[in-house]
Amino acid sequence: MTQTALASLMLAHNAGQTLQQEFYTDPEIYQQEMEKIFLKSWLYVGHISQVPNRGDYFLFRMDRESVIIVNSGNGEIRGLLNVCRHRGSRICGEDSGNQKLLVCPYHGWTYELSGALRGAGYTPADFDKKQFSLKQVQVRVFHGMIFINFAADPVPFDEMEKDLDAPLKPYRLAAAKVAHRQNYPLAANWKLAVENYCECYHCKPAHPEYSIAHGRAIPHAEMVEALRPVMERAERCGLTTHSVAKEWIASGPIGADHAFDRYPLYEGHVTGSRDGKPVAPLLGDIKAYDGGCTDMHVGPMTFYLAYCDHVVIYRFTPLSVNSCDCEITWLVRGDAVEGKDYQVEDLTWLWDVTTIADKRIIEANAAGVGSRYYEPGPYMPLEDFAQRFIAWYLHALRM
Ligand code: FES
Ligand code: FE
């Protein structure tokens, strides 16, 4: 697809409707998305508790890229491109592990955890090892959450840090730990997954468990009313009443969108669980349950649900034009003991059952969007956020 064809497709978009088919299926539009959104945004890749010791690493995969997120010692986390500087082989094949040195399995080039080339066999006399360090991405660790950015000169992280630092503090996420992680591979374009995450119009028909256990989509005025008693309790519980709304803004630079907002759970429910009862010890400095939940959003693909006793992190990563990965991470306080303070099955029940249903509806959506008979349809009022996401997306493509 030429730039002119893409420009006329964007011009033909009707703001009240879903995107035209090509946006979900065209490999060239997908490549543009990579360059204009994903390779220049701050991307959440994992939690610091996944790499506590020197040499601990895990892989982050997106599109054609694989990044080794490694603890290189002295409190430093690095993001090394998993591409050997000799002839380009992947170096690490395992999803996670611990290595003192990174050794390419092809011809044995050996790298320090800093990415510097330490040794290579039978090199010519004038071979300069310094020229062959592994390439690196930018890394920022914020409240224990590891973010990377592929851009050499990325959009500043600071505004996001400034806005989210105080509201996040009570959760003490740097001292939390990963209780469970689960991947839900989706046979769908990544935007269908994000659109689905951004609206709860589908919650009643698709998520009976969520609708009973958690809350339901309600118009804004009702939400404000229901939130009032929660906000009155929030400060007493050590939580914030603050909100930040810098997400899906269809103007300005792309790469550091963020938001932080609170909403009420059902009366009598204190967390996101099967019966609304706690599933883990209170996080950080939180003194009691206020009956609310925090929605946080960072970058184009990461959404957080922070309850008083645990945090659920949703990460959608594009793998190709018609596939993406949904990874969910459940965080609990760092000193909580599995089997005593929390049971993984209880902790994960709600969002596991909900995501299995989401996988089904997102993949059915992708199949229908790929049909010869698909045409853009109207967004409903309860889908206003999905609509905002699409407006932001088209803005990003225009940049
Ligand atoms: Fe890595 Fe040859 S490709 S050592
Ligand atoms: Fe859903």
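The values are calculated or read from the model by the stated rules, or taken from the named source; none is laboratory data. Everything numeric in this text was worked out from a predicted model, so none of it was measured. Neighbour counts are summed over all protein chains in view; Cβ atoms, including those assigned to glycine, are modelled from backbone coordinates with ideal geometry. Side chains included, ligands, DNA and RNA excluded: accessible areas come from the protein's heavy atoms. Shrake-Rupley method; radii C 1.70, N 1.55, O 1.52, S 1.80 Å.
Out of region 93-122, which residues are hydroxyl-bearing (Ser, Thr, Tyr), outside any loop (DSSP other than H, G, I, E, B) and in contact with a Lys or Arg (Cβ under 9 Å, 6 or more places away or on another chain)? Reasoning before the result, please.
At the first step, the residues of region 93-122 found to be hydroxyl-bearing (Ser, Thr, Tyr) are 96, 106, 110-111, 114, 122.
Among the residues that remain, those that are also outside any loop (DSSP other than H, G, I, E, B) are: 96, 110-111.
Thr110, Tyr111, listed by residue number.
Looking at Arg90, is it surrounded by 13 or more Cβ atoms within 10 Å (Cβ to Cβ), away from ligand 1 (no atom under 12 Å from the Cβ) and either in a strand (DSSP E or B) or free of Cβ contacts under 8 Å to residues at least 60 places away in the same chain (or both)?
It is false that Arg90 is surrounded by 13 or more Cβ atoms within 10 Å (Cβ to Cβ), away from ligand 1 (no atom under 12 Å from the Cβ) and either in a strand (DSSP E or B) or free of Cβ contacts under 8 Å to residues at least 60 places away in the same chain (or both).
The residue list Ala256, Ala288 contains one member that is assigned to a loop (DSSP other than H, G, I, E, B), touching a residue at least 24 places away in the same chain (Cβ under 8 Å) and crowded, with 18+ Cβ neighbours inside 10 Å, which is Ala256. Checked against (1) crowded, with 18+ Cβ neighbours inside 10 Å; (2) closer than 22 Å to His207 by Cβ, Thr317 meets all criteria but (2). Summed over region 61-87, the residues that are within 16 Å of ligand 1 (Cβ to nearest atom) and under 23 Å from Trp42 (Cβ atoms) give a count of 6. Are there any pairs, at least 6 apart or on different chains, whose C-beta atoms fall under 6 Å, with the first in region 2-27 and under 14 Å from Ala391 (Cα atoms) and the second of a type in the set (Val, Ile, Thr) and surrounded by 13 or more Cβ atoms within 10 Å (Cβ to Cβ), and if so, which? These pairs meet every condition: Phe23/Ile29.
Answer yes or no as to whether Trp42 is in contact (Cβ under 8 Å) with a residue 12 or more places away in the chain, away from ligand 1 (no atom under 12 Å from the Cβ) and buried (at least 20 other Cβ atoms within 10 Å of the Cβ). Yes; evaluated as a whole, the condition is true for this residue.
Does region 337-348 contain any residue that is surrounded by 15 or more Cβ atoms within 10 Å (Cβ to Cβ), modelled with pLDDT of 95 or more and in a strand (DSSP E or B)? Looking for residues that are surrounded by 15 or more Cβ atoms within 10 Å (Cβ to Cβ), modelled with pLDDT of 95 or more and in a strand (DSSP E or B), one finds at least one in region 337-348, hence yes. Taking the criterion of being open to solvent by 10 Å² or more (accessible area, probe 1.4 Å) and in a loop (DSSP other than H, G, I, E, B), the residues of region 69-83 that qualify are Asn74, Gly75, Val83. Considering (1) outside any strand (DSSP E or B); (2) open to solvent by less than 80 Å² (accessible area, probe 1.4 Å); (3) within 23 Å of Val298 (Cβ to Cβ); (4) of a type in the set (Lys, Arg), the lone condition that Lys162 does not fulfil carries the number (2). The condition (being within 14 Å of Tyr314 (Cα to Cα), assigned to a helix (DSSP H, G or I) and either within 16 Å of ligand 1 (Cβ to nearest atom) or among the β-branched types (Val, Ile, Thr) (or both)) is satisfied by just one residue among Val194, Val178: Val194.
The set of residues from region 224-253 being among the small types (Gly, Ala, Ser) and in a helix (DSSP H, G or I) comprises Ala226, Ala234. Pairing residues of region 187-207 that are near ligand 2 (Cβ under 7 Å from one of its atoms) with residues that are hydroxyl-bearing (Ser, Thr, Tyr), at Cβ distances under 6 Å and at least 6 apart in sequence or on separate chains, gives Cys203/Tyr210; Cys203/Ser211; His207/Thr354.
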